Structures are given as structure tokens and as C-alpha cells.
Amino acid sequence: MLRIHFTTDDLARVRLAPGPDPLWETLLSAHTLGSRAAGGIFGDWARWARPRLPADARLLFQLAPPVGYSADFLTPAGGSVRLDDGIDTVLHTQRHRLRTDLAQLAGRPGSAEAVRLLADGGAAALARLGASMRGYFHATLAPIWRTIEDDVAADRAVRGRALLDGGVERLLPSIFPGARWESPVLLMPYPADRDLHLDGRGLLLVPSYFCHGLPISLLDPALPPVLVYPVTRAPALPAGDSPRRLDDLIGATRAEVLRRLAAGHGQSTTDLAHRLGASLPSVSEHLTVLRHAGLASTRREGRRSLHSITPLGRQMLRP
């Protein structure tokens, strides 16, 4: 059981992360891939991602074993919605923090090389870690990042309604089944029996696509408090890997229009026609059908009409 103790100041300083944190998703998805038992809702993604892992991802896996402790410095305080900003913070981790975290990993099977490489906090070693994290993200997460963003945005909307309806005391127990608020303590299922005293520092809530099972908090109680919790999610594959049965359902050309919409941030009818090698009237007709079905939307920018996929459309592209 995890017991998080709040003061009045803490309740005023509860924050909800503005979007998915690339470093938390990197860490937690690495846990999934590192586990031989990866399956269930992540099974299709894991089978797709494993052959795409870059060779330098090995260093990340050594610091983030699927069971037990992972280095806290891989997910720095404050969170970030930008990958490069987060990695830059990791690369500037203070040496005493590196040594504290690496000491927790010392002696764990498979972690010796990473511990030895990073223990002195040298610039070259940290640059290698940054390359490992960046390469992993772009190979395995970037192609499904829009799906992750959509599911986290949906969760934030649910949390926002809870906050508006009942304040922070309604929000806090809403984040996980079995959580309950016994003022001034939030209690929830947890792998170990633990008390976390916020002491006026507040709490950052981080909704996560790849968090599964129980919520997660940093091991070191001296670090800024964060609670990562799982969102309600659907399986994700890149749009190009969506099942061919969608073609049978709405037609091959219309399905391809939907996939093209998923790959961009607002595209004109002319752009889509050029990419598809189709006529403007044909593409316009397909867009009208998709829009009436709630799978696409259109907005005006000056004289141009730009088309985008809707969350329902993205659901159609999932396996």
C-alpha cells in the first residue's frame, strides 16, 4: 500500500502533466520490451518494435531492467513534453545523483557495464546514453506517438472533469481503481508498503500509456514527488501496420486516405490527391464520406481547407 501524505499547501500544488512524458514512456516501454512475458495489450506493439531496436538501445535496457529498480535520473523531475529537453536534463545530471542511482543498480545482473561506464559522469558516456535513449524513442515510440498523445489527452479530460466536479479531493482517488482519499492521505495499491510525505512540495501526476499494473513513484523520497499512473488505452501500431480488414470495411482508397491523414497535421485536398495519385473530385468525395462518418475533420485556414483525422479515425486504424 502506498500512502501519500498531503498538507494544505500540497493540495494547492497538485499538478497534472500537460501531456505524455517522453522519458517516462521510454522507460516504461523499455520495461515492456525487456520482459519476455510482454503481451496482452502491448503484445502487437512489442512484436513490431523488437526487430526495430537499434544496437545502442542496450545501454538503456541495462539501466532500466524490467523488474526492480530503474535509475531515477532517467526520468528527471518536472517532466517534459519534448524529448530533446528531457534528454538534455538527463545529460546534465549531477554526479552525486548518478552515483546514488547507479549504486542501487550495482550487482544487478546485466547492469555492470552501464554502471561502470557512467559512474564517473563523463561527457562521452552521458552522450552515449543520450544517443541510446534518442535512438530507442525514434525507432519504437515516435511512430505511435500520436496514439499515445490521444489516449493521454482523453485521460486528462476525465481528470479535469473530476477536478471541476469535486476539487482535488475528487481528482486524486480517480486516477486508479482501488485508490481512496482519507483526508489528508491518498491510499492506493502498491508493490511495497510505503509512506510518502510531500511536506509542501506538491505532487505531479503523470498519466502514462506504457504504465501498466500499479502506479509508480520515484524511489528516493528527497526527489520532487511524482506519481505515474496508467491511462485507459487501446492497442497501438503505426498507421502503416493497421490491419488490411479496414480496406474491406471502407474500401482500399478510402482507407488509404485515412492513413494519409494520420501521417500529417492538416492536409489540403490537393496535397492528398497528389500523394495518392488520385483526382481531386475522387479525393474530395472520400473526404466527405469520412467526415460524415466522424473519421475526419476539416478546418479553414485563409482560403485553404485542411483535413485531419479524428480520434475515432485513429481508433479505426488500430489493430
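Please state which one of LEU53, LEU117, LEU105 is modelled with pLDDT of 85 or more and not basic (Lys, Arg).
LEU53
Does ALA71 fit the bill of being touching an Asp or Glu at 6+ places or on another chain (Cβ under 7 Å), among the hydrophobic types (A, V, I, L, M, F, W, C) and in the same structural domain as ALA17 (by TED's automatic domain parsing)?
Considered against the rule, which asks whether it is touching an Asp or Glu at 6+ places or on another chain (Cβ under 7 Å), among the hydrophobic types (A, V, I, L, M, F, W, C) and in the same structural domain as ALA17 (by TED's automatic domain parsing), ALA71 comes out as yes.
Matching residues to (1) under 18 Å from LEU63 (Cα atoms); (2) crowded, with 20+ Cβ neighbours inside 10 Å; (3) among the aliphatic types (A, V, I, L, M):
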| position | (1), (2), (3) |
| --- | --- |
| ARG82 | no, no, no |
| LEU105 | yes, yes, yes |
| GLU113 | yes, no, no |
| ARG116 | yes, no, no |
| GLY130 | yes, no, no |
| ARG170 | no, no, no |
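Criterion first (under 20 Å from the mean Cα position of the chain (by Cα) and touching a residue at least 60 places away in the same chain (Cβ under 8 Å)) does ARG156 satisfy it?
When the stated conditions are applied, ARG156 passes them.
In the range 292-306, which residue that is out of contact with any strand residue (DSSP E or B) (no Cβ under 6 Å at 6 or more places or on another chain) and of a type in the set (Lys, Arg) is farthest from ALA255 (Cα to Cα)?
It comes out as ARG303.
Given the criterion surrounded by 14 or more Cβ atoms within 10 Å (Cβ to Cβ), modelled with pLDDT of 90 or more and either assigned to a strand (DSSP E or B) or within 32 Å of the chain's Cα centre (by Cα) (or both), identify the matching residue among LEU272, LEU261, LEU287.
Criteria check complete, one pass: LEU287.
Can you tell me which residue among ALA153, ALA125 is under 18 Å from LEU227 (Cα atoms) and either at pLDDT below 95 or not basic (Lys, Arg) (or both)?
Being under 18 Å from LEU227 (Cα atoms) and either at pLDDT below 95 or not basic (Lys, Arg) (or both) holds for just one of ALA153, ALA125, which is ALA153.
I'm trying to understand the selection: among the residues of the range 54-77, which are out of contact with any helix residue (DSSP H, G or I) (no Cβ under 6 Å at 6 or more places or on another chain) and over 17 Å from PRO22 (Cβ atoms)?
Listed by number, the residues that qualify are ALA55, ARG58, PRO65, VAL67, GLY68.
Return the total of residues in the range 66-109 being under 18 Å from LEU141 (Cα atoms) and in a loop (DSSP other than H, G, I, E, B).
Going through the range 66-109 one residue at a time, the tally reaches 6.
Could you grab me the full set of residues in the range 45-65 that are assigned to a loop (DSSP other than H, G, I, E, B) and touching a residue at least 60 places away in the same chain (Cβ under 8 Å)?
Answer for the range 45-65, where residues must be assigned to a loop (DSSP other than H, G, I, E, B) and touching a residue at least 60 places away in the same chain (Cβ under 8 Å): LEU53, PRO54.
Just wondering, is there one or more residues in the range 201-212 that are within 16 Å of MET1 (Cβ to Cβ), in contact with a strand residue (DSSP E or B) (Cβ under 8 Å, 6 or more places away or on another chain) and in the same structural domain as LEU163 (by TED's automatic domain parsing)?
No; the residues of the range 201-212 include none that is within 16 Å of MET1 (Cβ to Cβ), in contact with a strand residue (DSSP E or B) (Cβ under 8 Å, 6 or more places away or on another chain) and in the same structural domain as LEU163 (by TED's automatic domain parsing).
State whether one or more residues within the range 158-167 are in a helix (DSSP H, G or I), closer than 15 Å to PRO20 by Cα and of a type outside the set (A, V, I, L, M, F, W, C).
yes
Look through the range 301-314, keep the residues that are in contact with a Leu (Cβ under 8 Å, 6 or more places away or on another chain) and either farther than 18 Å from LEU246 by Cα or part of a strand (DSSP E or B) (or both), and return whichever of them is modelled with the highest pLDDT.
Out of the qualifying residues, it is HIS307.
Output the qualifying pairs, or none if there are none: Cβ atoms under 9 angstrom, residues six or more apart or on different chains, first residue in the range 174-190 and in the same structural domain as GLY202 (by TED's automatic domain parsing), second residue part of a strand (DSSP E or B) and exposed (fewer than 13 other Cβ atoms within 10 Å of the Cβ).
VAL185/ASP195; LEU186/ARG180; LEU187/ARG180; MET188/ARG180
The values are calculated or read from the model by the stated rules, or taken from the named source; none is laboratory data. All figures in this text were calculated on a predicted structure; none of them were measured in a lab. All Cβ positions, glycine included, derive from the backbone under ideal geometry; neighbour counts span all protein chains shown.
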